[in-house]
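First comes the structure, then the notes that go with it.
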Amino acid sequence: MIRPLVLSLLLAAPSLSLAGDATVRLLADRAPEGTGEIMLVAGDKRSAPIALPLNAPSERLPAPARAFEVKAAAGDAALAKVVLPEVGDSFLVLLLSSEKVFQPVVIAADGKAFKPGDVYFHNSSTKTILGKVGTSEFTLNPGKGSVVTPAGASQEKLYAVSFKVREEKRERVLSETNWPVDPNLRTYMFFFNKPGTDRVDYRAVEEFVEPAGAR
């Protein structure tokens, strides 16, 4: 099953509306050259600096407002402008690298649109990506993302996984492998062009989700 997300391509200037109890967890697909620690900023409200989260989503951070900026802790350069939905109080903010700034994508962290066992794919490359996780298939044009719910595991509890890149009139195999079934993992997979080339590369980040009722 594939469910497209409403992506927040957030280009509007941030307001200073109160965030209430909203929290965010951040995850970046890559680290633009020279990016060090970051902080969340809305007007005169600033979070403590944190390392750019690359290998796991960050800890929950209080949102300084419903609209805020992600800035470099050193130099105060604006890296992304984030606008949270009016409804909800817990969000995942994916920071997708685009030249020297990030394109943010906001996902509700309530486990309804992006459940344990699901995979969020995002294609930041310049080519179309075709994929299959078990029997769930997807196609991602450049700049698009989607949540995929794997299906059709083998008796050994494995999903056959393949990714292809559409190049002119042919499809080139990018990867073929098997993934184990794990209902307590959510996975983020990012496709992008290798720096300085038109070749597509990818990387995955896995997040453990505590089972319901567990302490």
Quiz item: Tally time: how many residues in the stretch 61-79 are at pLDDT 95 or above and either of a type in the set (Asp, Glu) or closer than 27 Å to residue 185 by Cβ (or both)?
Solution: 5
Practice problem: Kindly indicate the residue of the stretch 17-33 that is within 23 Å of residue 123 (Cβ to Cβ), touching a Ser or Thr at 6+ places or on another chain (Cβ under 6 Å) and at pLDDT 95 or above and also surrounded by the most Cβ atoms within 10 Å (Cβ to Cβ) among those meeting that condition. | Solution: 26
Practice problem: Inspect all residues belonging to the stretch 132-141 and state whether any of them is over 26 Å from residue 79 (Cα atoms), part of a loop (DSSP other than H, G, I, E, B) and in contact with a strand residue (DSSP E or B) (Cβ under 7 Å, 6 or more places away or on another chain). | Solution: yes
Quiz item: When the stretch 34-50 is examined, which residues are found to be loosely packed, with under 13 Cβ neighbours inside 10 Å and either under 18 Å from residue 106 (Cα atoms) or without any contact (Cβ under 8 Å) to a residue 24 or more places away in the chain (or both)?
Solution: 34, 44, 48
Practice problem: Those residues that are open to solvent by 40 Å² or more (accessible area, probe 1.4 Å) and small (Gly, Ala, Ser), I need them from the stretch 51-63; list them, please. | Solution: 51, 56
Exercise. Looking only at the stretch 138-148, count how many residues are hydrophobic (A, V, I, L, M, F, W, C) and either open to solvent by 40 Å² or more (accessible area, probe 1.4 Å) or within 11 Å of the chain's Cα centre (by Cα) (or both).
Key: 1
Quiz item: Restricting the stretch 152-210 to residues that are more than 22 Å from the chain's Cα centre (by Cα) and of a type in the set (A, V, I, L, M, F, W, C), which is farthest from residue 119 (Cα to Cα)?
Solution: 173
Quiz item: Would a scan of the stretch 129-137 turn up a residue that is within 29 Å of residue 33 (Cβ to Cβ), open to solvent by 10 Å² or more (accessible area, probe 1.4 Å) and basic (Lys, Arg)?
Solution: no
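The values are calculated or read from the model by the stated rules, or taken from the named source; none is laboratory data. Note that the coordinates shown come from a computational prediction; the quantities given were computed from them, not determined experimentally. A quick note on method: Cβ atoms are made from the backbone with ideal geometry, for glycine too, and the neighbour counts reach across all protein chains shown. Quick note on the areas: whole protein, heavy atoms, side chains included, nothing else; ligands and nucleic acids left out. Shrake-Rupley method; radii C 1.70, N 1.55, O 1.52, S 1.80 Å.
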